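What follows is a single structure, written as structure tokens, with notes after it.
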Amino acid sequence: AVVSTQSTGGPAARKTPSQDFDSRLLALAKKNHMNTEVRRNVFCVLMSSEDYEHCFEQMLKLNLRDKEEREVIHVTVLCALKCKTYNPYYADVIAKFCGFSKNYQVTTQFSLWDRLKDLGSLTQTKKDNLIQLLSSLIATKTISLAVLKIVNFAEIQSDDVTFFKGLFTSLLSNSEGIITEIFGRVQPLPLDSLKNGMKVFIKHFLKHDLSGSELKNMKIALKCF
């Protein structure tokens with residue numbers, strides 16, 4: 001399992017060989033298949049940072065270039081999904097980098113697409129963590145609902161219904177203002193298939209499971225399409 005995000009006492013990350021990190025971190029990196037120096041360094045910084053701001057600062061000191069920068073997102077998503085219980089730290093790290101450069105937004109989108117295309121291979125724990133990660137990134141406008149455009153809601157697999165019910169239920173638990181922003185962001189986009197698919201899915205699979213504020217929020221969301 002991936003360790004917590006609290007500092008392990010290892011030295012601060014800098015542009016150094018990975019062996020300069022605490023031996024326990026390096027052993028954990030190996031256990032989690034961080035099989036390149038870049039991935040090991042990113043993993044060790046991610047695990048040893050005090051918070052997402054500290055992590056951002058230390059990652060920049062690695063002086064990653066071009067394709068190497070993508071590993072920040074890939075490793076963070078990997079760690080987020082492997083946690084025994086969801087840890088919002090990873091979403092904060094991703095949001096910080098996406099706010100820093102559009103390149104990280106693109107990488108985040110592709111990394112999440114990879115998981116959405118292969119939900120069947122994920123354990124239930126990883127699915128639950130992915131729901132929380134997606135919900136957080138969408139609610140904070142780090143990414144938009146357009147990330148779901150690769151999902152064919154008209155022909156959704158029965159095994160995936162529970163996943164997307166969980167995702168939309170989580171999104172609908174936000175405030176009315178956030179829900180209006182979340183669903184309103186896709187309204188002007190030329191994504192009719194996605195908008196119609198989400199609308200049908202929410203009406204068919206969620207309507208009868210919601211009550212009170214969630215049902216009210218569902219109506220607000222549907223009006224945004």
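Report the convex hull volume per residue for segment 125-225, counting only C-alpha atoms, in Å³. Working shown, then result.
Details: hull volume 9.4 nm³, N = 101.
For segment 125-225, the hull spanned by Cα atoms encloses 93 Å³ per residue.
Dipole of segment 102-145, Cα-centred, from +1 at each Lys and Arg C-beta and -1 at each Asp and Glu C-beta, to the nearest 20 debye?
Taking the Cα centre of segment 102-145 as origin, the dipole is about 100 debye.
Rounded to a whole number, what is D in µm²/s for segment 131-178 from Stokes-Einstein with the Kirkwood radius over alpha-carbon pairs (4 °C, 1.567 mPa s)?
D, rounded to a whole number, is 113 µm²/s.
Give me the 1.4 Å probe accessible area per residue for segment 11-141, excluding ligands and nucleic acids, in Å².
Per-residue value: 49 Å².
For the pair Asn35 and Lys216, how long in nm is the line joining their label points, each one 7 Å along Cα→Cβ?
Going from the Asn35 label point to the Lys216 one covers 5.3 nm.
Compute the length gained on full extension between Ser173 and Gln157: take 0.36 nm times their separation in residues and subtract their Cα-Cα distance, giving the result in nm to one decimal.
Fully extending the segment from Ser173 to Gln157 adds 3.3 nm.
What FRET efficiency comes out for the pair Asp209/Ser121, r = Cβ-Cβ distance, R0 = 35 Å, nearest 0.05?
Numbers: r = 27 Å, r/R0 = 0.76.
Between Asp209 and Ser121 the formula returns 0.85.
List the pair-distance distribution P(r) of the chain, using every Cα-Cα distance, as the percent of pairs falling in each 10 Å bin from 0 up to the bin containing the longest distance, rounded to whole percents.
8, 32, 32, 18, 9, 1
Taking the mean number of other Cβ atoms within 10 Å as a proxy for protection, how do you rank 151-161, 62-72, 124-134 from highest to lowest?
124-134, 62-72, 151-161
Evaluate the Debye formula for segment 18-107 with equal point scatterers sitting on the alpha carbons, no solvent, and hand back log10 of I(q)/I(0) at q = 0.21, 0.26 Å⁻¹, in q order, two decimals.
So the normalised log intensities are -1.04, -1.59.
With each run of n ≥ 4 DSSP H residues scored as -39500 (n - 2.57), what mean residue ellipticity at 222 nm is computed for the chain after dividing by its residue count and rounding to the nearest 500 deg cm²/dmol? Could the numbers behind the result be given before it?
Working: 11 runs with 131 residues, N = 225.
Computed mean residue ellipticity for the chain: -18000 deg cm²/dmol.
Once phi is turned into ³J(HN,Hα) by the Karplus curve 6.51 cos²θ - 1.76 cosθ + 1.60 with θ = phi - 60°, what whole-Hz value does each residue of segment 202-211 show in order, with x for glycine and proline?
For segment 202-211, the Karplus-derived couplings read 4, 5, 7, 9, 10, 3, 7, 9, 9, 8 Hz, x marking Gly and Pro.
The values are calculated or read from the model by the stated rules, or taken from the named source; none is laboratory data. Predicted model, so just to flag it, every value in this text is computed and none were measured. When we count neighbours, we look across all protein chains shown, and the Cβ atoms used for this are built from the backbone with ideal geometry, even at glycine. Ligands, DNA and RNA are stripped out before the accessible areas are found, and what is left, the full protein with its side chains, is counted by its heavy atoms. Shrake-Rupley method; radii C 1.70, N 1.55, O 1.52, S 1.80 Å.
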